[in-house]
Amino acid sequence: MKETKPEDKPLALLLPGLDGTGGLFYRQIEALAKRYRVTPWAYARGGDFTLSDLIRDLGCETAGEEPHSILVIAESFGGLVALKYLLQYPDRVRRLVLVNSFPHFRRRLRICMARTLVGFLRFTFGRWIKDFVVDQALQREGILAEDRQRYQEVVRQVDLPAYRRRLQLVQETDLRLQIETITVTTVLLAAGRDKLVPSVAEAHFMATRIAHAQVHEFPDAGHALLLTPGVSLADYV
């Protein structure tokens with residue numbers, strides 16, 4: 001059988017969550033690369049951008065792709081970006097996969113607290129506390145030690161002003177009505193032990209609004225589904 005050249009493969013666009021780096025997809029890339037040109041996306045740095053700016057960047061990057069060919073995979077906050085991108089460029093996407101995501105963040109008090117507390121990450125002690133809490137949470141989710149270490153290495157690259165701005169976009173954005181116009185096949189992956197997002201409830205909500213949506217639940221997994229042993233996004237595309 002003739003092997004497909006990398007340039008002939010369709011694009012798989014991987015949109016990260018609040019970290020914004022694209023670096024947390026590392027466990028998923030090898031399997032996806034057998035069928036796709038995999039591009040883990042990194043969002044704009046700095047604190048001066050809008051959601052429309054992020055969509056414009058993606059639009060420019062994907063302008064040359066074949067119609068209805070792109071696989072878009074998005075995690076958490078990235079789901080808002082993916083949904084908005086699909087609404088603006090419906091003729092470019094073949095399939096959408098959302099991981100522990102939402103069209104509107106309903107836990108309003110929690111997002112307000114997050115925006116308030118993010119300032120403490122400027123200080124070494126604040127970052128140490130966050131790293132410790134996150135490591136304990138990942139351990140309880142069953143994330144392996146080497147992946148917990150890799151996670152910490154990735155999040156150290158996070159641009160703090162951009163992170164703060166992304167939190168603000170989470171607070172401001174509501175796509176619940178617009179998603180009813182989405183017609184592409186949509187796969188919704190939801191972790192049952194997600195402590196940050198009510199992922200299962202949000203997945204089922206979106207499935208009632210998006211015509212061709214299917215939900216896959218992972219009862220024992222947490223928010224870091226991308227790092228969970230045995231979970232391969234390639235199985236759902």
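Every read-out reported here was derived from the displayed coordinates using simple, explicitly stated rules and does not represent laboratory data. These numbers come from a predicted model, not from an experiment. Note that each Cβ is placed from the backbone with ideal geometry, even for glycine, and that neighbours are counted across all protein chains shown.
Per residue of the range 116-131, what does 6.51 cos²θ - 1.76 cosθ + 1.60 with θ = phi - 60° give for ³J(HN,Hα)? Whole Hz please, x for Gly and Pro, Karplus curve as stated.
Residue by residue, the range 116-131 yields 6, 7, 4, x, 5, 6, 5, 9, 4, 5, x, 5, 5, 4, 4, 4 Hz.
Apply the Karplus curve 6.51 cos²θ - 1.76 cosθ + 1.60, θ = phi - 60°, to the phi angles in the range 35-51 and return the couplings in whole Hz, x for Gly and Pro.
Once θ is set to phi - 60°, the couplings for the range 35-51 become 10, 9, 7, 8, 10, x, 8, 10, 6, 4, 8, x, x, 10, 8, 10, 4 Hz.
In a Gaussian network model over the chain where Cα atoms closer than 10 Å are linked, find which of 64, 20, 119 has the largest mean-square fluctuation.
The residue that fluctuates most here is 64.
Within the range 202-229, find all residues whose amide N lies under 17 Å from a label point positioned 7 Å from the Cα of residue 183 along Cα-to-beta-carbon.
Answer for the range 202-229: 209-213.
Connecting C-alpha atoms closer than 10 Å in a GNM of the chain, tell me which of 40, 161, 103 has the biggest fluctuation.
161
Using the basic label-point model (7 angstrom from Cα toward the beta carbon), what is the residue 216 to residue 50 distance in nanometres?
About 3.6 nm, to one decimal.
Compute the long axis of helix 199-209 from its Cα atoms, compare it with the longest principal axis of the Cα atoms of the chain, and write down the angle in degrees, 0 to 90, nearest 10.
Value to nearest ten degrees: 40.
Convert each backbone phi in the range 17-27 into a coupling constant with the Karplus relation 6.51 cos²θ - 1.76 cosθ + 1.60 (shift: θ = phi - 60°), then list the ³J(HN,Hα) values in order as whole Hz, x for Gly and Pro.
x, 5, 4, x, 8, x, x, 8, 8, 4, 6
In a GNM of the chain with a 10 Å cut-off on Cα contacts, which of 110, 156, 122 has the highest mean-square fluctuation?
In this elastic network of the chain, the residue with the biggest mean-square fluctuation among 110, 156, 122 is 122.
For the range 46-92, I need the span (max minus min coordinate) of the C-alpha atoms along each principal axis, in Å, sorted largest to smallest.
Result, largest extent first: 33, 21, 15 Å.
Once you put a point 7 Å from the Cα of residue 33 and another 7 Å from the Cα of residue 7, both along the Cβ direction, what distance in nm separates them?
About 1.9 nm, to one decimal.
Taking the alpha-carbon distance from residue 9 and a cut-off under 23 Å, which lysines remain once sequence neighbours fewer than 8 residues away in the same chain are dropped?
Partners found: 34.
How far is helix 145-155 tilted off the main Cα axis of the chain, in degrees rounded to 10, range 0 to 90?
90
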